[in-house]
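The values are calculated or read from the model by the stated rules, or taken from the named source; none is laboratory data. In this text the structure is predicted, and so the values were computed from the model without any measurement. We place every Cβ from the backbone using ideal geometry, glycine too, and count neighbours over all the protein chains shown. The accessibility values were calculated without ligands, DNA or RNA, using every heavy atom of the protein model including side chains. Shrake-Rupley method; radii C 1.70, N 1.55, O 1.52, S 1.80 Å.
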Amino acid sequence: MKKRQAAVKSPGRKLTVTIIVILVLAALALVWHIVMVKWPDPELEAFKTHQYSTRFYDREGMLLHVMPLEEGLRREYYPIDSIPKELVELFVSEEDAHFYHHPGVDFLSVIRAWWQNKKAGHVVSGASTITMQLVRMVHPRQEEVGIKTKIREMFRAFSFEAKMSKKQILELYLNNVPFGFQVEGVGSAARSFYGVEPDKLTKDQMESIVKIPRRPSEYAPSKTYDYKTQCPHFILQVVSKYKKKNQAIPPEVTLSVDLDLNTKVEKLIQAKLSEYKEARVHNGAAFVINNHTGEIVVWVGNASFDDAEHSGQIDGVLVKNQPGSSMKPFLYALALESGFSPSSVLPDIQMDFGGEGVYVPLNFNNMFNGPVLFRNALASSLNVPAVYLLYNVGMENYLERLDMLGFESLSGKRDSMGLSLALGAGEVTLYEMVRGFSVFTNDGQLIEDTSFLKTDEKARLNKVYSSDTARIICSILSDKNARSLGFGNAQVFDTKYPCIFKTGTSNQFQNIIALGSTSEYTAGVWMGNYEGETVVRQTGSSIPASVVRQILDELTERYGALEFLEPELYEKRQVCALSGMKPCPSCPSKISEYVVKNSNEDLPWNTTCNWHYSVNGRVAISYPSEYQHWSNGRNYAGSISGEKADVEIRFPRNKASFVYDPLLPKESQMLHVLAVGGGSAVTTLFYDGNYVGSVQGILEWDIPLERGVHSLEVTAENSRDIVTYTVQ
């Protein structure tokens, strides 16, 4: 009976023992897994986050550049779901058929390989799994392979399997497997050996790629594909931005630029440079931004990055150059906010400023136009009125406003700046010019920062000018009629859509620049040369302007352009085209111009013009005194008579002070001497006591502007006049 009971209990005991054994093994397995998971492996963590070759795409998804790593290594990252399943399965079947069924070490393969190698007497088969291959990528062998090394690698393989899923292991492996020839990962292999993305590989190409890691020199295709970089200057700038911020560059970056438009602009610049190569125009750059998002749409640093003869790798978007008259709108906008109005009359005459520092500017055609309305002076880019405005608004105020506009290139340059800053003598970049110019079509607001990434978000804006100021500048710079005094009826500016333009040329003609802006985009093009050679003068700023025009034509065709808004605190009213005053019956020409609403009665546009009057049925002009010496010799009332008993120096005035501007060439800084009186006698000029020359009647003479205190003496018969002046 006892024996029978013992027999009954025996199976129960066996079951209990089995359960205990299972539980112990499970506990050991759990402990083992926890240990493997927790086992520190800083090299693996670093490997997971190491740098991959970044793929830069344009806004439409076109590949621009694959960035190499140190020493030219190409290693692109692709999520495993974007790698063709057929390619993944081929790697698994060829490298590790039991990958999904072992814990990192395939013991059956180890036994088989051991037996085969023992029979052959040398190594004929391996048992390395994909996980163990990954271990050797993360922990390269530092010593001769022995049993300890293999055991250590097996241990790490177990750890990898505990720390990561099979999918994660496979993804890490496929993105880092070495193919030789400075290529790692299936993505870079597909591009380097076949010139395609992984998902474009054919079946034969996949089968070839799987074999290459075994013996690259034997299995790799003989032909490799070039990694041609598109928009190279822009890419360099993008990479430098990441470095400045000490940020890692993601494996994929979608940039703001439009490759198709960049390519077209590059070809346009190349065509212009080829057309004008005899004029020593060797280099060109273009920069375009979206006014609302701040996105950089075009960045062409030079016509050809590979043009070593003409320093093609220099980035013209960032090079500092004198922008010439293209700076004037910023000054005129400040003048509008400093008491001037669109109908203000500005002097375009030889003049000094009563003891304050000034140099003597000339217009581009070496002529003076007398009194000129504010609108015409800006649209026709006259020089003397610009200097007059800067003198009146003040250098400090202007520099402060330029700082608000983002002209960092001029920071700290106050001591070296003369009034030639009004004519764009300070050196700035095309990047700064375009960004600043966008303020007018952006209703007086400046984009806080441009974006090199594609974005749909509105840019942050800073208010620099009032909305009315910006709208008036847009009205002026889009006015074809106002432009005619300086440029005639240039067809390049005659667009079917609302657009503003401004051009500029540096004094030595090394730089010609054009800016254009619609409600949507702002574009700028610079042309010249980096050698400092003077560009032949026949090549005007219409050359880059034609490129700007074509850029804006295409962008407007794609995205449209809105009409410019009317200023809110101004109204259009008829004014005399010469005096800017309320027209009188004798005024021969009237224009419609903006004037301040509900303004004081004594302002010019509320005061009847007293410049024009009628004499015997003909219109005559009585110029204000400051214009009388300009009108000398003209068939106008108010011209100066030379019939005066005593000779008199009208210009310069006694104790005047001038500034010699080191940024300008000497030949452009001449002092124009004007003396009247003496009747028909011979009038003689002496400079610092030295004879200069003689004329009969009215004397006009140009002498060089030289630093120091100087004297001028003019004699005629029994009279003479002497003035002194200072050049700082």
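Remarks
- Note on Tyr431: accessible area approximately 40 square angstrom, rounded to 10, probe 1.4 Å, nucleic acids and ligands left out.
- Mean sequence separation of contacting Cα pairs (under 8 Å, at least six apart), scaled by the length of the chain, corresponds to a relative contact order of 10 percent.
- Candidate cross-link partners of Lys590 among the lysines, defined by an alpha-carbon separation under 28 Å and a same-chain spacing of 8 or more, comprise Lys328, Lys480, Lys496, Lys502, Lys572, Lys582.
- Largest-first principal axis extents of the Cα set of segment 132-186 (Å): 31, 29, 10
- Taking all protein chains together and rolling a 1.4 Å probe, Glu700 ends up with roughly 100 Å² accessible.
- Pairs of alpha carbons in segment 380-513 whose separation is greater than 17 Å (percent): 67 percent
- For segment 175-251: rounded, prolate or oblate by the Cα gyration tensor [a/c cutoff 1.5]: prolate
- Highest to lowest packing among 218-231, 262-275, 280-293, scored as the average C-beta count within 10 Å: 280-293, 262-275, 218-231
- Accessible surface of His310, taken over heavy atoms with a 1.4 Å probe and every protein chain present, rounds to 40 Å².
- Debye-sum result for segment 550-627 in log10 I(q)/I(0), which assumes one identical scatterer on each alpha carbon, at q = 0.11, 0.14, 0.24, 0.25 Å⁻¹: -0.47, -0.61, -1.09, -1.14
- Percentage, to the nearest whole number, of Cα pairs in segment 233-334 over 18 Å apart: 59 percent
- Out of every Cα-Cα pair that the chain contains, those further apart than 41 angstrom amount to 51 percent.
- Built amide H within the under 5 Å cut-off of Leu64, gap 5+: Phe56, Tyr57, Asp58
- Here, segment 216-273 has an Rg and a Dmax of 16.7, 49 Å when only alpha carbons are counted.
- In this structure the amide hydrogen of Val319, modeled in the peptide plane, comes within under 5 Å of the amide hydrogens of Leu430, none closer than 5 places in sequence on its chain.
- The 3J(HN,Hα) values that the Karplus relation (6.51, -1.76, 1.60; θ = phi - 60°) gives for segment 406-418 are, in residue order, x, 7, 5, 4, 9, 4, x, 9, 4, 5, 9, 9, x Hz. Gly and Pro appear as x.
- 5 angstrom amide H check on Asp646, placed H, neighbours 5+ away: Gly678
- Which of Asp415, Asp258, Asp721 is most accessible, then next, and so on - probe 1.4 Å: Asp415, Asp721, Asp258
- Those aspartates and glutamates that a straight Cα-Cα span of less than 19 Å connects to Lys203, excepting residues fewer than 8 apart in one chain: Asp81, Glu86, Glu89, Glu94, Glu95
- Bridgeable lysines around Lys148 (alpha carbons under 30 Å apart, same-chain partners fewer than 8 residues away excluded): Lys38, Lys48, Lys118, Lys119, Lys163, Lys166, Lys167, Lys211.
- To put it simply, the accessible area of segment 207-363 at a 1.4 Å probe is 46 percent carbon and sulfur.
- Estimated D of segment 556-595 in µm² per second, where Rh is the Kirkwood radius over Cα pairs and Stokes-Einstein applies at 20 °C, 1.002 mPa s: 173 µm²/s
- Evaluated at q = 0.22, 0.23, 0.26 Å⁻¹, the base-10 log of the normalised Debye intensity for segment 199-238, with identical point scatterers placed on the Cα atoms, takes the values -0.75, -0.78, -0.88.
- Note, ³J(HN,Hα) from phi for segment 380-391, Karplus 6.51, -1.76, 1.60, rounded to Hz, x at Gly and Pro: 8, 6, 6, 7, 4, x, 5, 5, 4, 5, 5, 4
- Residues in segment 332-342 carry Karplus couplings, in order, of 5, 5, 5, 4, 4, 8, 10, x, 7, 10, x Hz; the curve used is 6.51 cos²θ - 1.76 cosθ + 1.60 with θ = phi - 60°, and Gly or Pro positions show x.
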